[in-house]
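Accompanying notes for the structure given below.
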Ligand SMILES: [Ca+2]
């Protein structure tokens, strides 16, 4: 027997006698349940389309701002790392009496440096926020009595107006 005609019959019986609270009412109520998800599913699809439209609109508005923030956050991180290097380099200079010849000397003792008390950087030599090494020069061309330290910035090359350095504050 096909179950669908049975459900229809019960439904019809329930409507014909609405005051009788017998099992056929329950059956009729149950027979209506499967229809609800279909209606709901149709509505949900419209909702989903609306949500997609809203998300696309929000993404168009929000993503460029986050991208800008992300770039700004990386520049701030590079400045913070250069400050950390400065602290480590100064500590090295206090112990050893001169700035190191390379950044590697901050984490590995150079030969014949008995006063080395490092490592001066706990997590090794970091790359800049764009994955490139910091450039260290001693003596500095811009800081002839100290050292030059810079990140090449987002473009990954020296120059281009986006370098983050220890001599021009940008
Ligand atoms: Ca650059």
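The values are calculated or read from the model by the stated rules, or taken from the named source; none is laboratory data. Predicted, not measured: the structure shown is a model, and the values here were computed from it. Virtual Cβ from ideal backbone geometry, glycine too; neighbours counted across all protein chains shown.
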Considering residues of the range 85-104 that are in contact with a helix residue (DSSP H, G or I) (Cβ under 6 Å, 6 or more places away or on another chain) and closer than 14 Å to residue 137 by Cβ only, the residue surrounded by the most Cβ atoms within 10 Å (Cβ to Cβ): 100
First in the range 46-73 and surrounded by 10 or more Cβ atoms within 10 Å (Cβ to Cβ), second anywhere and not in a helix (DSSP H, G or I), Cβ under 9 Å, 6 or more apart: 71/154; 73/129
Options 159, 153; residue that is out of contact with any strand residue (DSSP E or B) (no Cβ under 8 Å at 6 or more places or on another chain) and either away from the ligand (no atom under 16 Å from the Cβ) or at pLDDT 95 or above (or both): 159
Number of the exception - residue 157 against (1) under 31 Å from the mean Cα position of the chain (by Cα); (2) in contact (Cβ under 8 Å) with a residue 12 or more places away in the chain: (2)
Of all residues making up the range 132-147, the number that are more than 14 Å from the ligand (Cβ to nearest atom), out of contact with any helix residue (DSSP H, G or I) (no Cβ under 6 Å at 6 or more places or on another chain) and not in a loop (DSSP other than H, G, I, E, B): 1
